[in-house]
Amino acid sequence: MKSSPYWIVNARLEIGYEWEEGVISGTRTELCDLLIEHGKITRIVPSSEILEDGLPKKDAKGLLILPSMAEKHIHLEKTYYGGPWKATTPVKNLFERHAEDRELLPMYLKQAQTGAENILSLLVETGVTHVRTHCHVDPQVGLGFLEGMKSAFETYADRVSHEIVAFPHYGMLRTQAGEMVREALRQGATHVGGVDPGGVDGDIERSLQTMLELAVEADADIDMHLHDPGHLGVFTMKRLAALTEEAGWQGRVTISHAMGLGDVSQEEARELAQRLASLGISIASTVPINRPTIPIPLLHQEGVAVMLGNDSLTDNWTPFGSGDLLEKAGRLAERFRLTDERSLGAALGFVTEGRITLDETGNRLWPLVGDEASLMAVEATCSAEAVARRAKRKVVLFQGNRVAGEW
């Protein structure tokens, strides 16, 4: 539902950099007025210009305007969020965790929609207007979680856009989940999922082939979990790249986690990054700090689209998770020592599907006339400060409509 035209006045926009001896030393901003029509930004004028069209005005009071964020890797369907506190139970390996997970499935199924809506409420408040969730499907649970996710997204249809990955959590081959994934794609899932073709499925080639076949059949994209470390993970990525090229699925594949990239040399990581970039294969990361982090700046430098996500918000896998993607961008900056003005501001792009305010020389990239009016107004003087200080979000818009906060 698009709102009637209105102005956002006294909005702080970034207009360029300050330079000292050839080095960026700060960010220049100015107060502007933005006309919002039909879910888009249709005019941008200096706030000094007098508006006489009689349209309603929302006063941003100098808040910084930034693009809203996209949560690109989360599991909404299984969560403790919104319920009583519970820490995780120690296990010896992944398969013991899977066994525990199976025992909890009836509880998770019962609260799937409610739990998802609880998390969506939090995400919207933090500035998220797009969500890609992984959704457990297999012969044991059927499409129960998918129905819960579809209902939750229907509730939030005027606040977020979404994607749903049909995710065979315990293995595509191990649980013979292919038919269930196929049906999920018919029933509203947008992506084919998978997990660890080597470590879980035990047959890299057949697992990858199954994913590609399902994707081509349904004309769907792929988002595969890959936790397998070291050269096992790297080999799997190379085979996925080859199969992606054979199928003509360039630009339609995401590897989530891709942990093996954190275990190999810079040279090998760079070579693989160049291959992934040439095929438009993207990476989704949670920026883990309990193991070697994949080389995100290197991937970005080589042209790989890297997207961040929260993964989980307190469940039987982890008690952690704030739901705040701006915090993820800040963690990324801390981990890779992105401490200068330009690098901090550019880190915002990892949580906004690449939308950043300025290019490397200070030309404005966002917002531009014609851009979708999905944005957040934050308490910061520039995007670098917003990332470094995890700036408070005061107002969030989705396609021109206010979905969180107050002007």
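In terms of the mean number of neighbouring beta-carbon atoms within 10 Å, the peptides 311-324, 109-122 order highest first as 109-122, 311-324. Helix-only arithmetic for the chain: the sum of -39500 (n - 2.57) across DSSP H runs with n ≥ 4, divided by the residue total, places the mean residue ellipticity at 222 nm at -10000 deg cm²/dmol. Nearest 10 degrees, 0 to 90: what angle lies between the long axis of helix 230-247 and the longest principal axis of the chain (Cα atoms)? Roughly 80 degrees, rounded to the nearest 10. With both labels modelled 7 Å from their Cα along Cα-to-Cβ, the Gln274 to Glu353 distance reads 3.0 nm.
Looking at region 70-320, send over the antiparallel percent of its DSSP beta bridges, to the nearest 5. Bridges in region 70-320 are about 5 percent antiparallel.
Distances between placed amide hydrogens fall under 5 Å for Val395 paired with Ala377, all partners being 5 or more residues away or on another chain.
Summing Cβ point charges (Lys, Arg +1; Asp, Glu -1) relative to the Cα centre of the chain gives a dipole of roughly 740 debye.
Along the axis of the charge dipole computed for region 70-320 (Cβ charges of +1 for Lys and Arg, -1 for Asp and Glu, origin at the Cα centre), the listed residues Val264, Val141, Leu123 are led at the positive end by Leu123. What is the list of residues in region 373-407 whose amide nitrogen lies under 17 Å from a point 7 angstrom out from the Cα of Thr42, following Cα to Cβ? Of the residues in region 373-407, 373-374, 399-402 have backbone N under 17 Å from the label point off Thr42. Across every pair of non-identical alpha carbons in the chain, the mean reciprocal distance, once inverted, gives a Kirkwood radius of 22.1 Å. Loop-located trypsin sites (Lys or Arg not before Pro) in region 317-385 (DSSP state not H, G, I, E or B) with no more than 12 neighbouring Cβ atoms inside 10 Å: Arg337. Rounded to whole numbers, the Karplus 3J(HN,Hα) couplings from phi for region 64-77 are 6, 9, 10, x, 5, 10, 10, 7, 9, 7, 8, 10, 7, 7 Hz, using 6.51 cos²θ - 1.76 cosθ + 1.60 with θ = phi - 60°, and x at Gly and Pro. Straight Cα distances below 21 angstrom link Lys110 to the lysines Lys78, Lys86, Lys150, with same-chain residues fewer than 8 positions distant left out. Remark: region 284-293, residue by residue, has Karplus-estimated 3J(HN,Hα) of 10, 9, 9, 6, x, 10, 9, 7, x, 7 Hz, where x stands for each Gly or Pro and the curve is 6.51 cos²θ - 1.76 cosθ + 1.60 at θ = phi - 60°. Annotation: amide H-H contacts under 5 Å for Tyr6 (H modelled 1.01 Å from N, sequence separation of 5 or more, or interchain): Ile36.
The calculated FRET efficiency for Phe320 paired with Val216, based on their beta-carbon distance and R0 = 45 Å, is about 0.75. Among the GluC sites (Glu not before Pro) within region 51-86, those in coil by DSSP and having at most 14 neighbouring Cβ atoms inside 10 Å are Glu52. For a paramagnetic label modelled on Arg337 (point 7 Å from Cα along Cα→Cβ), amide N atoms under 13 Å away are absent within region 289-307. Can you give me the Cα centroid spacing of region 1-78 and region 172-229 in angstrom? The two parts, judged by their Cα centres, are 40 Å apart. With a simple spin-label model that places each label point 7 Å from the Cα along the Cα-to-Cβ direction, the separation between Asp203 and Lys86 comes to 3.5 nm. Listed values for region 91-102 are Karplus-derived 3J(HN,Hα) couplings in whole Hz (6.51 cos²θ - 1.76 cosθ + 1.60, θ = phi - 60°), namely 9, 8, 7, 4, 6, 5, 5, 4, 4, 4, 4, 4, and x replaces Gly and Pro.
Between Gln140 and Ala247, what length in nm is gained on full extension when 0.36 nm per residue of separation is reduced by their alpha carbon distance? Difference between extended and current length: 35.5 nm.
Just so you know, all these numbers are worked out from the coordinates, no wet-lab data involved. Bear in mind that the values here come from a model prediction, so they are computed numbers and not experimental data. Virtual Cβ from ideal backbone geometry, glycine too; neighbours counted across all protein chains shown.
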